[in-house]
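The values are calculated or read from the model by the stated rules, or taken from the named source; none is laboratory data. As the structure is a prediction and not an experimental result, all values here were calculated from the model. For neighbour counting, all protein chains shown are included, and Cβ atoms are generated from backbone atoms with ideal geometry for every residue, glycine included.
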Amino acid sequence: MKFAEFHVGQVIEAGPYTLSEQDILDFATQWDPQWFHTNPEAAAAGPFGGLIASGWQTCCVAMRLVAQVALEGSESFASPGLESIRWPHPVRPGEPLTLKAEVTGVRRSEKRPELGVLNWTWRLFHADGRMALELQATSLFKLA
């Protein structure tokens, strides 16, 4: 999508996307090697009752979906960061996730008018409606 196509209140949907047990194990082994992400047997006896995806992997799923549905072919080139991030419910192998990204702000930068600034909230949901991820992101777009 081009920057001009975004508007406040817009909700962009994508998915579903499903992580396999192997996806979770591979990511966690390399990036978040905690036992509840890397050891299915230990995780089964742990507080989550089974293997769960790293929250950071959940962020990667959201990024992939946002890139595919909204940023591909756009003028987007960077992000100065996130305002907040939460993982209310864990993601388990085989659970399909869907994205809803709500646009909360669209403006030209006052300091650099050749840049567009997009504020949006990304949410990933399980099939039963439980939220797996919520984050508030800012994306920058090169307009000139």
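Residue check: is ALA62 touching a helix residue (DSSP H, G or I) at 6+ places or on another chain (Cβ under 9 Å), of a type in the set (A, V, I, L, M) and modelled with pLDDT of 95 or more?
Spelling it out, it is not the case that ALA62 is touching a helix residue (DSSP H, G or I) at 6+ places or on another chain (Cβ under 9 Å), of a type in the set (A, V, I, L, M) and modelled with pLDDT of 95 or more.
Any chance you could count how many residues in the range 69-118 are of a type in the set (D, E, K, R) and within 18 Å of TYR17 (Cβ to Cβ)?
Residues flagged as of a type in the set (D, E, K, R) and within 18 Å of TYR17 (Cβ to Cβ) within the range 69-118 amount to 4.
Quick test of your reading of the structure: VAL8 fulfils all but one of (1) surrounded by 14 or more Cβ atoms within 10 Å (Cβ to Cβ); (2) hydrophobic (A, V, I, L, M, F, W, C); (3) outside any helix (DSSP H, G or I). Name the failing condition by number.
That leaves (1) as the condition not met.
If you check THR38, THR29, which single one turns out to be exposed (fewer than 12 other Cβ atoms within 10 Å of the Cβ), of a type in the set (Ser, Thr, Tyr) and more than 30 Å from GLY105 (Cβ to Cβ)?
Result: THR29 is the single residue among THR38, THR29 that is exposed (fewer than 12 other Cβ atoms within 10 Å of the Cβ), of a type in the set (Ser, Thr, Tyr) and more than 30 Å from GLY105 (Cβ to Cβ).
Do we have any residue at all in the range 17-32 that's over 30 Å from PHE3 (Cβ atoms), part of a strand (DSSP E or B) and either among the aliphatic types (A, V, I, L, M) or at pLDDT 95 or above (or both)?
Yes, the range 17-32 has at least one match.
Identify, please: which residue in the range 97-117 is out of contact with any Gly (no Cβ under 7 Å at 6 or more places or on another chain) and within 18 Å of ALA14 (Cβ to Cβ) and is, among those, surrounded by the most Cβ atoms within 10 Å (Cβ to Cβ)?
Top of the filtered list is ALA101.
Helices (runs of 4 or more DSSP H) wholly in the range 33-98 with at least 1 residues that are free of Cβ contacts under 8 Å to residues at least 24 places away in the same chain and charged (D, E, K, R) - which ones?
In the range 33-98, 40-44 are the helices (runs of 4 or more DSSP H) which contain 1 or more residues that are free of Cβ contacts under 8 Å to residues at least 24 places away in the same chain and charged (D, E, K, R).
Taking GLU75 as the residue in question, decide whether it is more than 14 Å from the chain's Cα centre (by Cα), surrounded by 15 or more Cβ atoms within 10 Å (Cβ to Cβ), farther than 15 Å from GLN57 by Cβ and among the acidic types (Asp, Glu).
Here the answer is yes, as GLU75 does meet what is asked.
Out of the residues in the range 7-32 that are touching a residue at least 24 places away in the same chain (Cβ under 8 Å) and β-branched (Val, Ile, Thr), state the one that is farthest from LEU97 (Cα to Cα).
VAL8
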